[in-house]
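This report refers to the structure that appears directly beneath it.
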Amino acid sequence: MIGHTKSSSRSLWVSSLVEKTKQGIACIRLGNVHVIAVTSPEIAREFLKTHDAVFASRPTTMANHYASRGFLQVFATPMGPQWKKMRRVLVSAVLNPATLQWLLPKRVEEADNLVSRIYKQCCTCVHEGKMINVRNVAWQYGGNVLKSMVFNKRSFNGDGSEEEDQEYVEAIRTALSLINAFCVSDYMPCLRWLDLDGHEKMMKQAVDTVDKYHDPLIDERIKSWRSITNDHISTRKPHQDLLDVLISLEDDHGRPALSSEEIKAEVLELAMAGFDNPANAAEWALAEIVNQPHILKRAVDEIDRVVGKNRLVQQRDLSQLNYVRACAREAFRLHPVATFIIPHVSLSDVTVSGYFIPKGSHVLLSRLGLGRNPEAWDEPLKFRPYRHLNTGSQLPVQLTEPDLRFISFSTGRRGCPAAELGTEMTMMLLSRLLQGFNWSVPRGTLLLDHLQSKDALSSPPLILHARPRLSALVYRMTS
Ligand code: HEM
């Protein structure tokens, strides 16, 4: 069993420092590193828009090292040729619209499985419904979507056992929380061998656990592809999934473009990337929506009007669910998955908003601080999807926020390259949960405790009561 960290330790002390300065920017020195936290949207834009090129690197922290298998993938890798190569691969081969469209049936299958899994739990008591751990089902959905797109599998051992899934999901959750955690030795490398906070041991265990599931499949698949090439079979197998895509990429000389280590690092990145953000936004949006019956009614009415009750929400419906989109956007603003985005590192000395920022500084944009900034938002602690409805505009509400008034996918060279996929996953998850079930707060529990928690990941999971709201026939279509 892998332990949990106080993932927010870095978050808490840096954000309280920011609160104290009231300037929207604060700097502290840890070891030899200047750590700069930002809560002002104007200053955030200076960093990631005006001076984007300067702040386009990442720190070589212990957790980033393990998560990237030695800085071989995208998100944790400092600016340089390896980051450029892998980002190009990700954008052009994995996240391009044609590939995403080709893999749509796999994502739809996982959205069906989500509904059918909850329905089956409810079926043990159809009239009274069932308590559902929303966090678990949401994380499972994100994990399964990526597993299915990458490995063409829902489960690693073939029988979809919950226990195995749980170990895998827990390991990814631990790795993600350690990437966001403060680790003493990142700022005082001479202490690394002591592993004072135990983070290195936990991170290594988490990544080893994930690799235990991934690596044999990747090795076997590489062998099968490379044996085809060695035998000079000119007609290649059709691709079944993203693993086939990554293995069969070729450089200008017709040689494999990615080494097996790079493929493993990229698969690890994809497995981690889809887990937390869509699940977190859907969980918190649902908690807030259920807490305010008029919002719940409006969201469900919209789904019934656009989709009806005889079929489930599909990808093509999502752009028309404007109110549900506004709810998801509001969840990103108010309940971010982590207090900060992954740090950016400055590549040279620069002056930003009148502050001198030395080369090598770590810049942390505060997701909480920006999204809840009273200068930028009216009644910032209230969940009000209405604020995002752009009256007069024909365009659907976007979940992206390039002006950094809050952080969803961020912006610039290091901005999330998967905004389209992330939006689809978040919207599909939230809309299917709202359409498929009547949700209510279990008697004797208080939703308010959940909603007032500042830290999304360390808050207790959302447990709600679910009752099917569609005819049994519709659920049967999913199984
Ligand atoms: C709702 C879903 C998602 C949200 C809200 C989200 C958000 C973010 C954010 C805030 C960053 C950091 C940006 C920065 O440092 O300025 C990021 C980076 C990244 N995301 Fe996402 N993400 C989502 C889904 C995904 C998915 C599904 C994938 C891949 C399949 C993905 C791949 C990446 C990668 C590779 C980076 C690193 C980019 C770089 O450093 O060059 N994300 N994402």
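Excluding residues on the same chain fewer than 8 positions from Lys120, give the lysines whose Cα lies under 23 Å from its Cα.
Lys106, Lys130, Lys147, Lys153, Lys309
Need one value: the accessible area of Asp252 in square angstrom, 1.4 angstrom probe, rounded to the nearest 10.
150 Å²
Taking the full set of protein chains and a 1.4 angstrom probe, give the accessible area of Glu128 in square angstrom, rounded to the nearest 10.
Rounded to the nearest 10, that gives 120 Å².
Spin-label point model (7 Å from Cα, Cβ direction): what's the Thr99 to Ala472 distance in nm?
4.3 nm
Can you give the calculated 222 nm mean residue ellipticity of the chain, where each DSSP H run of n ≥ 4 adds -39,500 (n - 2.57) and the sum is split over every residue, rounded to the nearest 500 deg cm²/dmol?
-15000 deg cm²/dmol
May I ask you to derive the FRET efficiency for Arg226 and Arg88 from their Cβ-Cβ distance with R0 = 22 Å, giving the value to the nearest 0.05?
FRET efficiency, Arg226 to Arg88: 0.45.
Order of 415-424, 76-85 by packing, highest average Cβ count within 10 Å first?
Listed from highest to lowest mean packing, they are 415-424, 76-85.
For the chain, what is the accessible area per residue in Å² when the probe is 1.4 Å?
Details: 20560 Å² over 479 residues.
Spelled out: the 1.4 Å probe surface of the chain, per residue, equals 43 Å².
Starting from the Cα of Lys201, draw a straight line to each of the lysines and keep only those under 17 Å, dropping any in the same chain fewer than 8 residues away.
Cross-link targets: Lys6, Lys212.
Specify which residue in the list Ala299, Leu242, Ala281 is farthest towards the positive end of the charge dipole of the stretch 193-343, using unit charges on the beta carbon of Lys, Arg (+1) and Asp, Glu (-1), about the Cα centre.
Comparing the listed Cα positions along the dipole, Ala299 ranks first.
Students often check this: by mean Cβ neighbours within 10 Å, which of 172-178, 364-370, 189-195, 300-306 ranks highest, and how do the rest follow?
Working: 172-178: 23.3, 364-370: 25.3, 189-195: 12.4, 300-306: 16.3.
Packing proxy ranking, top to bottom: 364-370, 172-178, 300-306, 189-195.
Excluding Arg69 itself, calculate the net charge of residues whose Cβ lies under 10 Å from the Cβ of Arg69, where each Lys or Arg counts +1 and each Asp or Glu counts -1.
Details: positive: Lys264; negative: Asp211, Glu261, Glu262, Glu266, Glu269.
Net charge around Arg69: -4.
Give the peptides 55-67, 392-404, 202-214 in descending order of average Cβ contacts within 10 Å, highest first.
By packing density, highest mean first, the sequence is 55-67, 202-214, 392-404.
With all protein chains present, how much of the accessible area of the chain (probe radius 1.4 Å) comes from carbon and sulfur, to the nearest whole percent? Please list the in-between numbers first.
Numbers: 11100 of 20560 Å².
Here it works out to 54 percent.
With the convex hull built on the Cα atoms of the chain, state its orientation-averaged projected area in nm².
24.0 nm²
Relative contact order of the chain: what whole-number percent is it, with Cα pairs under 8 angstrom and at least 6 residues apart?
26 percent
The values are calculated or read from the model by the stated rules, or taken from the named source; none is laboratory data. Note that the coordinates shown come from a computational prediction; the quantities given were computed from them, not determined experimentally. Cβ sites come from the backbone with ideal geometry, for glycine too, and all protein chains shown count toward neighbours. Heavy atoms of the whole protein, side chains included, go into the accessibility calculation; ligands, DNA and RNA do not. Shrake-Rupley method; radii C 1.70, N 1.55, O 1.52, S 1.80 Å.
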